[in-house]
Amino acid sequence: MKKQILLLLFCVVLLNACFVNRNLVSYEFPDAMSDEVRAAYTEQCDKGKVLFEINCSKCHYIKKGRRTLIPDFDQSELIGYEMRVMNPQHESEVREARVNAEELGLIMTFLTYKRKNATD
Ligand code: HEC
């Protein structure tokens, strides 16, 4: 009986560690970035993530099995102004009146620093 309780406790701790870890590592910042700057960027990324979900996710989610992933765009794809006007879909859906420059900047920051999807 005691063993089972210990095992259960172990599982709870393990599960908890997984979830806590996942939350902490959702962004990848350069090692040289100071804690202060990191905190500011984390805040921007959190806002960008919400804005992405509202404005972009209906077209930009990848379904992989039961998981839903946000694509890894590379730096050349993430040029805010070009991204807005170079694509006919975006001209109507990502126009200034809908996503302003500041919001687009937050989304770019989020997409730049979000942890890359595992390749498996
Ligand atoms: C109505 C659907 C739609 C919405 C909404 C949308 N996109 Fe797109 N987006 C597309 C399509 C279609 C492409 C071109 C094909 C592709 O690369 O997936 C594209 C391409 C891109 C690319 C790649 C650019 C390139 O040069 O290939 C980026 C980055 C991007 N979108 C970001 C965003 C962001 C950020 C938002 C939200 C602010 C957004 N998109 C909203 C449909 C959409």
Label point at PHE29 placed 7 Å out along Cα→Cβ; residues across the range 43-74 whose backbone nitrogen lies under 13 Å:
43-46
How about LYS114: which aspartates and glutamates have a C-alpha closer than 19 Å to its C-alpha, ignoring those fewer than 8 places off in the same chain?
GLU28, ASP31, ASP35, GLU36, GLU43, ASP46, GLU53, ASP72, ASP74, GLU77, GLU102, GLU103
If you build a Gaussian network model of the chain, linking Cα atoms that sit under 10 Å apart, which residue out of MET83, MET33, MET108 swings the most?
MET33
Between the helical axis of 35-55 and the dominant principal axis of the chain, each derived from Cα atoms, what acute angle in degrees is found, rounded to the nearest 10?
70 degrees
Jot down the per residue volume, in cubic angstrom and as a whole number, of the convex hull over the alpha-carbon atoms of the chain.
159 Å³
Could you put PHE110, PHE10 in order of accessible surface area, largest first, with the 1.4 Å probe and the full protein assembly present?
PHE10, PHE110
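How much net charge surrounds GLY48 when only the other residues with a Cβ under 13 Å from the Cβ of GLY48 are counted, with Lys and Arg +1 and Asp and Glu -1?
Working: positive: LYS47, LYS49, LYS114; negative: GLU43, ASP46, GLU53, GLU102, GLU103.
So the surrounding residues net to -2.
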Could you count how many Lys pairs in the range 2-113 have their Cα atoms under 21 Å apart, skipping same-chain pairs fewer than 8 positions apart?
4
With all protein chains present, the range 2-113 has a carbon and sulfur share of its accessible area (1.4 Å probe) in percent of 60 percent
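The values are calculated or read from the model by the stated rules, or taken from the named source; none is laboratory data. Just so we're clear, the structure is a prediction, and the values are computed from it rather than from any experiment. Cβ: placed from backbone, ideal geometry, glycine included. Neighbour counts: every protein chain shown. Heavy atoms of the whole protein, side chains included, go into the accessibility calculation; ligands, DNA and RNA do not. Shrake-Rupley method; radii C 1.70, N 1.55, O 1.52, S 1.80 Å.
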